[in-house]
Amino acid sequence: MTDPFALFDEWYAQARETEINDSNAMALATADAQGRPSVRMVLLKGHGPDGFIFYTNFEGRKAGDLLANPHAALLFHWKSVRRQIRIEGRVGPVDDATADAYFATRSRDSQLGAWASDQSRPLPSRDAFMDRYEAVRARFEGGPVSRPPHWSGFRLTPERIEFWQDREHRLHERRVFTRQENGWNEGLLYP
Ligand SMILES: Cc1cc2nc3c(=O)[nH]c(=O)nc-3n(C[C@H](O)[C@H](O)[C@H](O)COP(=O)(O)O)c2cc1C
């Protein structure tokens, strides 16, 4: 029986070698409380059997969706290897220690950006954003930048993972893993 996380690691390692950039970029699909979907790219910043982690502003649209409806889907498409991975499951916030540890690894500019951005809310002008950035920079001058209370990570715990590999004549290969009480069920799907 294949471990889907080991298979993910194998494919991800290959994608890191072959993608021209952002091999950790994935589409994140959410739906609001009424079931209306939306999708955007985020970066995978941690993964393992516990789940797949990304970081974001908790007052933006995706966070609003996830806090109201904690089901989401992730999609990797690695063009260089003609592969797709689809991951679905429940999402919840990471703990503060995990978010703090990751925030500390970010560049100072990114840390300041997390304070300066009211993600997903209307911005009157680019200058208004730059002014806020400057104000934040001045505020933290000479000291460390703390993690904003509205900035953290979400972890998606997968219930279903599907690996899609392009094959000749459109005879693509689809392997699907579904979480059971004591492990994973593995199967194939018609392409
Ligand atoms: C390649 C790529 C990676 C991105 N990574 C992130 C990310 O890790 N976190 C994030 O909040 N936004 C990221 N963004 C921006 C999001 O796609 C999106 O514009 C923003 O988070 C607002 O989404 P929302 O309005 O649905 O909350 C990324 C965009 C691209 C194109």
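The values are calculated or read from the model by the stated rules, or taken from the named source; none is laboratory data. Remember, predicted model here, so these are calculated numbers, not experimental data. A quick note on method: Cβ atoms are made from the backbone with ideal geometry, for glycine too, and the neighbour counts reach across all protein chains shown. Just so you know, the surface numbers come from the protein's heavy atoms only, side chains and all, with ligands and any DNA or RNA stripped out. Shrake-Rupley method; radii C 1.70, N 1.55, O 1.52, S 1.80 Å.
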Checklist entry - Going by the conditions given, is F103 of a type in the set (F, W, Y), open to solvent by less than 20 Å² (accessible area, probe 1.4 Å), within 16 Å of the ligand (Cβ to nearest atom) and in a strand (DSSP E or B)? => result no
Item to check | Given (1) surrounded by fewer than 12 Cβ atoms within 10 Å (Cβ to Cβ); (2) in contact with a strand residue (DSSP E or B) (Cβ under 8 Å, 6 or more places away or on another chain), number of the condition M26 does not satisfy | outcome: (1)
Next on the checklist: Quick check on the range 114-129. Is at least one of its residues closer than 21 Å to V42 by Cβ, in contact with a Phe, Trp or Tyr (Cβ under 7 Å, 6 or more places away or on another chain) and free of Cβ contacts under 8 Å to residues at least 24 places away in the same chain?
Outcome noted: yes
Checklist outcome for this item: Note on S152: of the conditions (1) open to solvent by 50 Å² or more (accessible area, probe 1.4 Å); (2) within 16 Å of the ligand (Cβ to nearest atom), unmet is (1)
Item to check | Subset of the range 38-60 [in a strand (DSSP E or B), touching a residue at least 40 places away in the same chain (Cβ under 8 Å) and within 8 Å of the ligand (Cβ to nearest atom)] | outcome: F54, Y55, T56, N57
Checklist outcome for this item: Going through (1) acidic (D, E); (2) within 16 Å of the ligand (Cβ to nearest atom); (3) outside any helix (DSSP H, G or I) one by one, E88 fails only at (2)
Next on the checklist: Return the pair list, or none, for Cβ contacts closer than 6 Å from residues in the range 62-85 that are under 30 Å from E17 (Cβ atoms) to residues that are part of a loop (DSSP other than H, G, I, E, B) and within 12 Å of the ligand (Cβ to nearest atom), at least 6 apart or on different chains.
Outcome noted: W78/E19; S80/E19
Item to check | Hey, D9 within 14 Å of the ligand (Cβ to nearest atom) and free of Cβ contacts under 8 Å to residues at least 24 places away in the same chain or not | outcome: no
Item to check | Total residues in the range 92-117, condition of a type in the set (D, E) and under 24 Å from A73 (Cα atoms) | outcome: 2
Checklist outcome for this item: Subset of the range 12-23, residues closer than 28 Å to E186 by Cβ, open to solvent by 50 Å² or more (accessible area, probe 1.4 Å) and free of Cβ contacts under 8 Å to residues at least 24 places away in the same chain, comes to R16, E17
Checklist entry - Can you pull out the residues in the range 26-37 that are out of contact with any Pro (no Cβ under 6 Å at 6 or more places or on another chain), among the small types (G, A, S) and away from the ligand (no atom under 11 Å from the Cβ)? => result A33, G35
Next on the checklist: If I filter the range 61-72 down to residues being more than 17 Å from D118 (Cα to Cα) and open to solvent by less than 30 Å² (accessible area, probe 1.4 Å), which single residue comes out as farthest from the ligand (Cβ to nearest atom)?
Outcome noted: A72
Checklist entry - Is it the case that some residue within the range 171-182 is surrounded by fewer than 10 Cβ atoms within 10 Å (Cβ to Cβ) and assigned to a strand (DSSP E or B)? => result yes
Checklist entry - Do we find that F76 is aromatic (F, W, Y), more than 9 Å from the ligand (Cβ to nearest atom) and surrounded by 17 or more Cβ atoms within 10 Å (Cβ to Cβ) in this structure? => result yes
